[in-house]
1. Just one of (1) within 30 Å of Lys9 (Cα to Cα); (2) without any contact (Cβ under 8 Å) to a residue 12 or more places away in the chain trips up Asp162, so point out which.
2. Quick check on the range 64-101: of everything there that is of a type in the set (S, T, N, Q) and modelled with pLDDT of 95 or more, which residue is nearest to Asp112 (Cα to Cα)?
3. Here are Glu129, Glu137: which of them is modelled with pLDDT of 95 or more and surrounded by fewer than 18 Cβ atoms within 10 Å (Cβ to Cβ)?
4. Looking at the range 34-52, which of the residues that are modelled with pLDDT of 70 or more and assigned to a loop (DSSP other than H, G, I, E, B) is surrounded by the most Cβ atoms within 10 Å (Cβ to Cβ)?
5. For the subset of the range 108-156 comprising residues that are small (Gly, Ala, Ser) and assigned to a helix (DSSP H, G or I), which member is farthest from Tyr80 (Cα to Cα)?
6. Looking at (1) closer than 29 Å to Lys9 by Cα; (2) in a helix (DSSP H, G or I); (3) over 14 Å from the mean Cα position of the chain (by Cα), can you tell me which one Trp104 breaks?
7. Could you count how many residues in the range 107-142 are aliphatic (A, V, I, L, M), in contact with a strand residue (DSSP E or B) (Cβ under 7 Å, 6 or more places away or on another chain) and more than 16 Å from Lys24 (Cα to Cα)?
8. State which residue is nearest to Ala119 (Cα to Cα) when the search covers only the range 154-169 and only residues that are surrounded by 15 or more Cβ atoms within 10 Å (Cβ to Cβ) and under 12 Å from the mean Cα position of the chain (by Cα).
Amino acid sequence: NISDSQLGKLHYKVVIMGESGVGKTCLAIQYVDKEFNQTIATLQAATFQKQVELENKQIVDLNLWDTAGQERFNSITPMYYRQSAACLVVFSVCSSSSFEKAKWWINQIKADNKTQNIALIANKCDLSEQLWQVKLEEIKLWAAQYGLWFYKVSAKTGFNVDEAFSNIIQNIYLKGQIEEKVAKVILIDSM
């Protein structure tokens, strides 16, 4: 039997977190199935799988973990994001409290693992800017300060969803390649 690693297949676990109602499940479904279901109510954590081809033709088995608002149980959330390739922290641009909670979660994740890949996802960007409770400049500034990947998306219309996920997966891969090369250099230097 030939293993996935021998075939060059990668497996990435990506956790989607954020307050209830910000569109985490809708975002995952939009990316995986290209559809939007406004009436979906996720009460339990769910996983979604998708096979992705990178720019270099490398195949990635992507496993998306939707925490379904489990963040309200602060103690169990770290079990979701530990051992993940990245955390996508989602908030609604129409809810300043969801942005504040997203910032809180990012601080928690960084305290737990300073090198964790984190993407800040501003959802519901299809809605009129008059409804936005968070200014785009504030979001961009905060994301840059913390070294986060930042994307504006709409789970409803699909705006920028594929692009965001593609960039995140590509960045995970590239960061892994760099870390692998650095580890080899350190190993050789220590001989």
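1. Failed condition: (2).
2. Only one residue fits best here, namely Ser98.
3. Values: Glu129 fails: modelled with pLDDT of 95 or more.
Exactly one of Glu129, Glu137 is modelled with pLDDT of 95 or more and surrounded by fewer than 18 Cβ atoms within 10 Å (Cβ to Cβ), namely Glu137.
4. Step one: list which residues in the range 34-52 are modelled with pLDDT of 70 or more, which gives 34-40, 46-52.
Among the residues that remain, those that are also assigned to a loop (DSSP other than H, G, I, E, B) are: 34-40.
Working: Lys34: 10, Glu35: 9, Phe36: 17, Asn37: 13, Gln38: 8, Thr39: 4, Ile40: 10.
The extreme case among them is Phe36.
5. Step one: of the range 108-156, the residues small (Gly, Ala, Ser) are 111, 119, 122, 128, 143-144, 147, 154-155.
Those still in the list that are assigned to a helix (DSSP H, G or I) too: 111, 143-144.
Working: Ala111: 15, Ala143: 22, Ala144: 25 Å.
It comes out as Ala144.
6. (1)
7. Within the range 107-142, the subset aliphatic (A, V, I, L, M) is 109, 111, 118-122, 127, 131, 134, 136, 139, 141.
Cutting the leftovers down to in contact with a strand residue (DSSP E or B) (Cβ under 7 Å, 6 or more places away or on another chain) gives us 109, 118-122, 139.
Subset that is more than 16 Å from Lys24 (Cα to Cα): 109, 139.
Number satisfying all stated conditions: 2.
8. Initially, the range 154-169 is screened for residues surrounded by 15 or more Cβ atoms within 10 Å (Cβ to Cβ), giving 154-156, 158-161, 164-166, 168-169.
After this cut, where a residue has to be under 12 Å from the mean Cα position of the chain (by Cα) as well, the list is 161, 164-166, 168-169.
Details: Val161: 13, Ala164: 9, Phe165: 10, Ser166: 12, Ile168: 7, Ile169: 11 Å.
So, considering only residues that are surrounded by 15 or more Cβ atoms within 10 Å (Cβ to Cβ) and under 12 Å from the mean Cα position of the chain (by Cα), the one nearest to Ala119 (Cα to Cα) is Ile168.
The values are calculated or read from the model by the stated rules, or taken from the named source; none is laboratory data. Because the structure is a prediction, the values reported are computed rather than measured. Cβ coordinates were reconstructed from backbone atoms using ideal geometry, including for glycine residues, and neighbour counts include every protein chain displayed.
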